[in-house]
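These notes are about the structure you will find just below.
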Amino acid sequence: MSESSRDHWRERSRIWARTAPRGRAEDDSFNQMIIAEAAIRPGEAVLDVASGTGNPAVSIALALDGRGSVTCGDLEPAMLEAARGRAANLSLSVMRFAAADMTRLPFRDGTFDCVICRFGIMFPGDRVAAAREALRVLRPDGRAAYLVWGAYADNPPFHVPRRTVAAFFGEDEGPVPARHSMSAPGTLAAMLDAAGFARAEERELRYRNRVEDPRDYVVRGLRRTFAKKIETLAPERIAALERALLAAWDPYKARCCRCPTVPASASAGNRHERRAPDVKGMSRARPCPNDCTLQAGTPVGRRER
Ligand SMILES: C[S@@+](CC[C@H](N)C(=O)[O-])C[C@H]1O[C@@H](n2cnc3c(N)ncnc32)[C@H](O)[C@@H]1O
């Protein structure tokens, strides 16, 4: 089933809702990154498109500190229900919810100060139309910020489990998933440019995810991503698969502080009138000899009108 299809996300929403955090995000790094990239401030009206179970909307609501609003939009209502539960658990009165296809947003022109999208813009068939819709609902001096995944080969959290599970079942790994379809440098900036944004900038990010408990990391990933595949496996076969996954991770683990970390790469693209804060400030805020948090690379594409 294609990742661009509604049925794909309807099916995924069941497991996403079940495994979503109950309140704050477990790993907030990407959320804080996009908040900094878009320079979101208390009092603003923010739209988070393809918000899924509320990332980064919940972190944005916390950053708004009771002033302004963040509208959580997604194609799939079951995803939004999970986000709504998180907002209720954290008593976040600034959160709103809207079932919304990002290529046809149900909002008037010029409604928002900021439009955000974390790991969602890769999926609609017409991405430029989605970016044009973001531009339409933004106020004239508004900003947008997008995060997309980097190359499959640069993202062990995706390819290690997929390859290992395929090998375990003696199957072919299949094509590179659509989530990596905007990984070529400059793709994001080119999309924003084609949609008519005034200034588009893209930069590559390098990220290391801190893993407190590698076994728990493997088991949760397996239950979340491969739930259907393993539902008929006998317990001893599942245990064997978990051992294979733990072993497959070994070459990618690096020690950071007291915890192993796993690497990932992504790109961020934005358009803004004012200068966004220097995102490298985040690494300085959490000093670590092994760069265990997000690293902003040099811009890989920049367009100005
Ligand atoms: C990979 S998830 C990302 C969710 C969330 N932003 C996060 O980072 O956890 C992609 C989300 O995009 C949503 N989606 C896919 N196509 C969409 C579209 N055309 N309009 C709005 N949402 C869409 C899916 O329902 C799913 O929740």
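The values are calculated or read from the model by the stated rules, or taken from the named source; none is laboratory data. Worth saying up front: this structure is predicted, and the values here are computed from it rather than measured. Cβ: placed from backbone, ideal geometry, glycine included. Neighbour counts: every protein chain shown.
So here's what we get for this one:
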{"read-out": "Any hit, region 87-99, residues being assigned by TED's automatic domain parsing to the domain that holds A244, of a type in the set (A, V, I, L, M) and buried (at least 20 other Cβ atoms within 10 Å of the Cβ)", "value": "no"}
{"read-out": "Residues located in region 103-145, provided they are more than 10 Å from the ligand (Cβ to nearest atom), of a type in the set (A, V, I, L, M, F, W, C) and not in a loop (DSSP other than H, G, I, E, B)", "value": "F112, C114, V115, V128, A131, A134, L135, V137, L138, A144, A145"}
{"read-out": "Lone qualifier among A88, A36 - being touching a helix residue (DSSP H, G or I) at 6+ places or on another chain (Cβ under 9 Å) and in a helix (DSSP H, G or I)", "value": "A36"}
{"read-out": "Which listed residue, of F107, F123, is over 29 Å from Y207 (Cα atoms) and in the same structural domain as S69 (by TED's automatic domain parsing)", "value": "F107"}
{"read-out": "Single unsatisfied condition, G43 versus (1) within 18 Å of R118 (Cβ to Cβ); (2) at pLDDT 95 or above", "value": "(1)"}
{"read-out": "Single match in V160, V94, V148 (criterion: more than 13 Å from the ligand (Cβ to nearest atom), out of contact with any Pro (no Cβ under 7 Å at 6 or more places or on another chain) and at pLDDT below 95)", "value": "V160"}
{"read-out": "Wholly within region 146-232, helices (runs of 4 or more DSSP H) carrying at least 1 residues that are among the acidic types (D, E) and crowded, with 20+ Cβ neighbours inside 10 Å", "value": "187-195"}
{"read-out": "Lone unmet requirement of (1) charged (D, E, K, R); (2) out of contact with any strand residue (DSSP E or B) (no Cβ under 6 Å at 6 or more places or on another chain); (3) crowded, with 21+ Cβ neighbours inside 10 Å for R136", "value": "(3)"}
{"read-out": "The lone exception for F169 - which of (1) closer than 18 Å to S2 by Cα; (2) aromatic (F, W, Y); (3) not assigned by TED's automatic domain parsing to the domain that holds S69 it fails", "value": "(1)"}
